[in-house]
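Enquirer: Can you read through this structure? Questions will come right after.
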Amino acid sequence: MGKEAASAFGRWFALNDFPVQVALTAVCDLNADVLSWYKSVDTVKLLTTDYKELLADKSVDVVYVALPHNLHKEYYLEVLAAGKDLLAEKPFGIDLESAIAIMETAEKLGRFVRCSSEMPFLPGPQRVIKEVLSGNIGQIIEIKAGFLHSSDLDPTKPINWKRQTKFCGEIGVMGDLGMHVLHVPLRLGWKPHLVYAQLQKIINERPDGKGGMAVCDTWNNATLNTEVLISDQQVPMTLEMKRIAPGETNTWYIEVLGTTGGVKYSTKDTKAFWTFKCEGEQLWQRTDLGFKGVQFPTVTGGIFEPGFADCFMQMLAAYIAEREGLLGDKFGCVTPQEAVDSHYVFNAALKSYASQSLATIGNYQIEMA
Ligand SMILES: NC(=O)c1ccc[n+]([C@@H]2O[C@H](COP(=O)([O-])OP(=O)(O)OC[C@H]3O[C@@H](n4cnc5c(N)ncnc54)[C@H](O)[C@@H]3O)[C@@H](O)[C@H]2O)c1
């Protein structure tokens, strides 16, 4: 992900009239091969395997930290203590406790901190948000959102840190994909208070890359059947986070159905934005979106398709704009509170699965009639 960030900063000039110049100047990685890749980035002045050297560099204002989840808390806290602002990676700490500690430290030290989740910066999700806020949908009946991968379907894919609980966390796939799924719902105020979780371990061992096999002990797939209160109505919200979803490669989707309308978008069909109307007949209407709907226009023409690199760049632009107080009413990156809220959901999902029952999220109390 460090390379993705470097690539976005490397074409910052593509943003039309963006008010802030940004340059990648320092990089830390323990892996010499990874580090040497950054030699081709002209603006980089410091390449180091010692992150303390990077943090001591007074010219660095913001640090993007893309590390295995077991390292998030320790490194994020050091970045904040060094006086830097932070663009954190999800899941913002390996567990709820870490996420709260990061949020509280950022507040105490007054640092600007946001967490990564780039998919909602595509034009499609932005149109979904507008449609929901327009009121066209009427009373919301149900919400479905998800993020689906399938490369783990291949049992010969070697193990890595993301497939081992001690590095990736007890929450497994929820830590990997869950923040992406919850970003838009949480921003729309749909904070679930109940969850019934179905968690699956499907492939339990993988090649260790040294000729043997290693235990793969993380949750591969999570289906969270949650409930949210919207205008005092109890609304089911299904959240899917799957590493083994046959046929899906980085498919992010959201669907909201209501009494007078509906809206859906999936990255599987990147341009297609769907709205539902019931006017005598029931109609799903497809609108082809181009690049026009991005929040920060670039040199790319309105008819062209946006992709992963574009939404990642849009997310970085939103981070920088918000840090400078220039975001206005545009959509911003995940806040520390939203990241913590996502952990409350994942934490409750673990409890739900362990007890095979409905779990409350946070301080929610079930009222019995
Ligand atoms: N936003 C997204 O779409 C997205 C996608 C993938 C991963 N991620 C997140 O990014 C983070 C990193 O994931 P990744 O896929 O880039 O992992 P990765 O394993 O590809 O990269 C991690 C890098 O960290 C380096 N590293 C490990 N320990 C280090 C240390 N102590 N000091 C310096 N460098 C160290 C490794 O050498 C490696 O190059 C995770 O939090 C992950 O959830 C986000």
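The values are calculated or read from the model by the stated rules, or taken from the named source; none is laboratory data. Since we're looking at a predicted model, the values are computed, not measured. All Cβ positions, even for glycine, are placed from backbone atoms using ideal geometry, and neighbour counts span all protein chains on display.
Enquirer: Quick one: is V181 away from the ligand (no atom under 13 Å from the Cβ), outside any loop (DSSP other than H, G, I, E, B) and of a type in the set (A, V, I, L, M, F, W, C)?
Expert: Values: away from the ligand (no atom under 13 Å from the Cβ): no; outside any loop (DSSP other than H, G, I, E, B): yes; of a type in the set (A, V, I, L, M, F, W, C): yes.
So V181 does not fit the description; no.
Enquirer: Take the conditions of a type in the set (S, T, N, Q), within 16 Å of the ligand (Cβ to nearest atom) and modelled with pLDDT of 95 or more and apply them to S134. Does it pass? Quick ask: steps written out before the conclusion?
Expert: On the way: of a type in the set (S, T, N, Q): yes; within 16 Å of the ligand (Cβ to nearest atom): no; modelled with pLDDT of 95 or more: yes.
Spelling it out, it is not the case that S134 is of a type in the set (S, T, N, Q), within 16 Å of the ligand (Cβ to nearest atom) and modelled with pLDDT of 95 or more.
Enquirer: Name the one entry in D85, D29 that is away from the ligand (no atom under 12 Å from the Cβ), closer than 30 Å to V340 by Cβ and of a type in the set (D, E, K, R). Even if it seems obvious, please write down each step before you answer.
Expert: Working: D29 fails: away from the ligand (no atom under 12 Å from the Cβ).
On inspection, the qualifying residue turns out to be D85.
Enquirer: Would it be correct to say that L46 is out of contact with any strand residue (DSSP E or B) (no Cβ under 9 Å at 6 or more places or on another chain) and either under 28 Å from T218 (Cβ atoms) or more than 12 Å from the ligand (Cβ to nearest atom) (or both)?
Expert: Values: out of contact with any strand residue (DSSP E or B) (no Cβ under 9 Å at 6 or more places or on another chain): no; either under 28 Å from T218 (Cβ atoms) or more than 12 Å from the ligand (Cβ to nearest atom) (or both): yes.
Judged against the criteria, L46 is not a match.
Enquirer: Please find, among E78, E97, E89, the residue that is surrounded by fewer than 15 Cβ atoms within 10 Å (Cβ to Cβ), modelled with pLDDT of 95 or more and outside the structural domain of V294 (by TED's automatic domain parsing).
Expert: Details: E78 fails: surrounded by fewer than 15 Cβ atoms within 10 Å (Cβ to Cβ); E89 fails: surrounded by fewer than 15 Cβ atoms within 10 Å (Cβ to Cβ).
Going through E78, E97, E89 in turn, the sole match is E97.
Enquirer: Which one of these is more than 16 Å from the ligand (Cβ to nearest atom), over 29 Å from D232 (Cα atoms) and either free of Cβ contacts under 8 Å to residues at least 40 places away in the same chain or of a type in the set (K, R) (or both): K166, K191, K201? Break it down stepwise before answering.
Expert: Details: K166 fails: more than 16 Å from the ligand (Cβ to nearest atom); K191 fails: over 29 Å from D232 (Cα atoms).
Answer to the check: K201.
Enquirer: Which residues, counting only those in segment 309-333, are among the hydrophobic types (A, V, I, L, M, F, W, C), outside any helix (DSSP H, G or I) and under 19 Å from K130 (Cβ atoms)? Show your work before the answer.
Expert: Filtering segment 309-333 down to residues among the hydrophobic types (A, V, I, L, M, F, W, C) leaves 309, 311-313, 315-318, 320-321, 326-327, 331, 333.
Narrowing the set further to residues that are outside any helix (DSSP H, G or I) leaves 326-327, 331, 333.
Passing the criteria: L327, F331, C333.
Enquirer: Sticking with this one: If you check N70, N16, which single one turns out to be away from the ligand (no atom under 15 Å from the Cβ) and either at negative phi or at pLDDT below 95 (or both)?
Expert: Details: N70 fails: away from the ligand (no atom under 15 Å from the Cβ).
One residue alone meets the criteria, N16.
Enquirer: I would also like to ask the following. If I filter segment 15-58 down to residues being among the polar types (S, T, N, Q) and in contact with a Leu (Cβ under 9 Å, 6 or more places away or on another chain), which single residue comes out as surrounded by the fewest Cβ atoms within 10 Å (Cβ to Cβ)? Break it down stepwise before answering.
Expert: Of the residues in segment 15-58, the ones among the polar types (S, T, N, Q) are 16, 21, 25, 31, 36, 40, 43, 48-49.
Subsequent filtering for residues that are in contact with a Leu (Cβ under 9 Å, 6 or more places away or on another chain) retains 25, 36, 43, 48-49.
Working: T25: 16, S36: 11, T43: 14, T48: 16, T49: 13.
Across segment 15-58, the extreme among qualifying residues is S36.
Enquirer: With the condition kept exactly as written, say whether any residue in segment 249-269 is in a strand (DSSP E or B), at pLDDT 95 or above and surrounded by fewer than 16 Cβ atoms within 10 Å (Cβ to Cβ).
Expert: Taking every residue of segment 249-269 in turn, none turns out to be in a strand (DSSP E or B), at pLDDT 95 or above and surrounded by fewer than 16 Cβ atoms within 10 Å (Cβ to Cβ).
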